[in-house]
Amino acid sequence: MKLINSKLPLVGTTIFSEMSALANNYNAINLSQGFPGFNIDENLPKLVTKFMSEGKNQYAPMPGIIELRVTLSNYFNQKYKVDIDPNSEITITAGATQAIYNTISAIIEKEDEVILFSPAYDCYSPAIEVHGGIPIFIPLEHPSYSISWETVKSEITDKTKLIIINSPHNPTGSLLSKHDLETLSEIVKDTNIIVLSDEVYEHITFDGENHESILSYPELKKRGMVVYSFGKSLHVTGWKLGFCVGPEWMMKEFRKIHQYTVFSSNSPMQYAINEYILNYNPFENTAEFYERKRDVFLSSIKDSRFKIIPCKGTYFQLLDYTEITEMNDVEFAKKLTIENGIASIPISVFYPNKKDNKVLRFCFAKEDDLLIKAGKILCKI
């Protein structure tokens, strides 16, 4: 008996769940799913306990507690020299994925076209399709994973409603430059195109590279929604807390959706995060912390047959295995997990056409000894 027609008939279990399950079954080192494998600052859970004990256990205001929104507004003013109204331009969300989904939900109608870049993080396209939109995938140029803006111009039609960008980029670790955002500004100028910018890894850039936010570009800021993740920046992915920033006219529509999906996000954790940011300046050394972990991992595989694709940001390292085997990346990733005891993510799953460049993604947000152990395994392959 069939009672419903699936809105996502081609969607199954995510590759992250599949590879993590495989890693568990074969007791493999799990460098697949992107979560930190180390203890967080003990002050952060202490603050959560403090606010729970003080009774901050009921619903937070729908857009998030004002104290945290003010702190974030001050942060953006200091970092990007922009004014963000904490009352009308910031909303605390139940993670970045919810913020992305709600933004797409508020914007996309049937047959609207959305430009996005593959390999693309896997939550974008399903949210577009659920709302009747049409994803228009433009492949990033391998192996630099840069955007061809001439291709973008050629793909824009009168149905183009939204462009989704992601920098630092998951899964490739590439960054958008000042030139990229200046070019995008010119492309969308005098159009009705909205920009959704996924900047959840904003604090994790390497080798002296700076993160370029659309908030620094007036043309993009006035038509853009920006999504962030406390899970990524504070190493607490399981807390599922994030936030988004956007102009009042867009945030008004976002909050209409937000109040009927989750209404509000975890109260004591919002209070704890606010006090933690104010007292401990947690973002100051995040890039340095992860750059050192990246370098530990790279040093451990320097004698391997894998080819390193430069990682400019995020906590993911891509490795090209073309000198090892012609096996497709999904099968090779499974083979490494089952036979060699190390789990990764095949990059082809992030392409709509499953394009296989023989590249795997490894998460280096782990303890150093685990990264060194993983490197020894990879050097034997």
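Tell me the Kirkwood hydrodynamic radius of the range 43-280 in angstroms, computed as one over the mean inverse distance between distinct C-alpha pairs.
On the way: mean 1/r = 0.0548 Å⁻¹.
Roughly 18.2 Å, rounded to one decimal.
How do 148-156, 115-123 rank on mean C-beta neighbours within 10 Å, highest first?
Ranking, from highest mean packing down: 115-123, 148-156.
Each label point is 7 Å from the Cα along the Cα-to-Cβ direction; what then is the distance between the points at ASP303 and GLN78, in nm?
4.6
DSSP beta bridges in the chain, what fraction antiparallel, as a percent rounded to 5? Could the numbers behind the result be given before it?
Working: 20 of 41 bridges.
Taking every DSSP beta bridge with both residues in the chain, the antiparallel ones total about 50 percent.
Any idea what the relative contact order of the range 43-280 is, in percent, if you count C-alpha pairs under 8 Å spaced at least 6 apart?
Details: 420 pairs, mean separation 72.8, N = 238.
With pairs under 8 Å counted, the relative contact order is 31 percent.
Please list 354-360, 227-233 highest first by mean number of surrounding beta-carbon atoms within 10 Å per residue.
Details: 354-360: 19.0, 227-233: 24.0.
Averaged packing, sorted descending, gives the order 227-233, 354-360.
For the range 304-381 and the range 191-231, what is the centre-to-centre distance using only Cα atoms, to the nearest Å?
27
Mind checking the full-extension length gain between GLU186 and ILE372? Use 0.36 nm per residue of separation minus the Cα-Cα distance, one decimal, nm. Walk me through the intermediate numbers first.
Working: separation 186, 0.36 × 186 = 66.96 nm, distance 4.53 nm.
Length gained between GLU186 and ILE372: 62.4 nm.
Which value, in debye to the nearest 20, gives the size of the charge dipole of the chain about its Cα centre, when Lys and Arg are +1 and Asp and Glu are -1 at the Cβ? Please list the in-between numbers first.
Numbers: 39 positive and 47 negative charges, 162 e Å.
Result for the chain is approximately 780 debye, rounded to the nearest 20.
Mind running the shape call on the range 171-318? Use the C-alpha gyration tensor, a ≥ b ≥ c as the square roots of the eigenvalues: rounded below 1.5 for a/c, prolate if a/b tops b/c, oblate otherwise. Numbers along the way, then the final one.
On the way: a/c = 2.24, a/b = 1.28, b/c = 1.76.
Oblate, because a/c is 1.5 or more while a/b does not exceed b/c.
Once you place label points 7 Å from the Cα toward the Cβ at SER6 and THR325, how far apart are they in nm?
Result: 2.8 nm between the two label points.
Please list, by residue number, everything in the range 220-263 whose backbone N is under 16 Å from a paramagnetic label point 7 Å out along Cα→Cβ of GLU209.
None, by backbone N distance to the label point.
Can you list the equivalent-ellipsoid semi-axes of the range 112-181, largest first and in whole Å, using the square root of 5 times each Cα gyration tensor eigenvalue? Let's see the in-between values first.
Values: eigenvalues 81, 44, 18 Å².
Equivalent-ellipsoid dimensions as semi-axes: 20, 15, 9 Å.
Would you please classify the overall shape of the range 1-129 from the alpha carbon gyration tensor, given that a ≥ b ≥ c denote the square roots of the eigenvalues, rounded means a/c under 1.5, and beyond that prolate means a/b larger than b/c while oblate covers the rest? Could the numbers behind the result be given before it?
Working: a/c = 1.84, a/b = 1.24, b/c = 1.49.
Oblate, because a/c is 1.5 or more while a/b does not exceed b/c.
Roughly what would the spin-label model give for LYS256 and LYS153, points 7 Å off Cα along C-beta, in nm?
3.5
Among GLY55, GLY173, GLY313, which one moves the most in a GNM of the chain with springs linking Cα atoms closer than 10 Å?
In the Gaussian network model the winner is GLY55.
Applying a 10 Å radius around every beta-carbon, put 182-188, 198-204 in order of their mean neighbour count, most first. Present the calculation step by step, with values, prior to reporting the outcome.
Numbers: 182-188: 17.1, 198-204: 24.9.
The packing order, highest mean first, is 198-204, 182-188.
Where the centroid of each part is defined by its Cα atoms, how far is the range 35-108 from the range 237-258 in Å?
So the two Cα centres are separated by 10 Å.
Please find, in a Gaussian network model of the chain (springs between Cα atoms separated by less than 10 Å), the residue of THR172, THR237, THR13 whose mean-square fluctuation is greatest.
Most flexible of the set in this elastic network: THR13.
Values in this text are rule-based calculations from the coordinates and carry no lab data. Computed from a prediction, not measured in an experiment: that's the story for all the values here. A quick note on method: Cβ atoms are made from the backbone with ideal geometry, for glycine too, and the neighbour counts reach across all protein chains shown.
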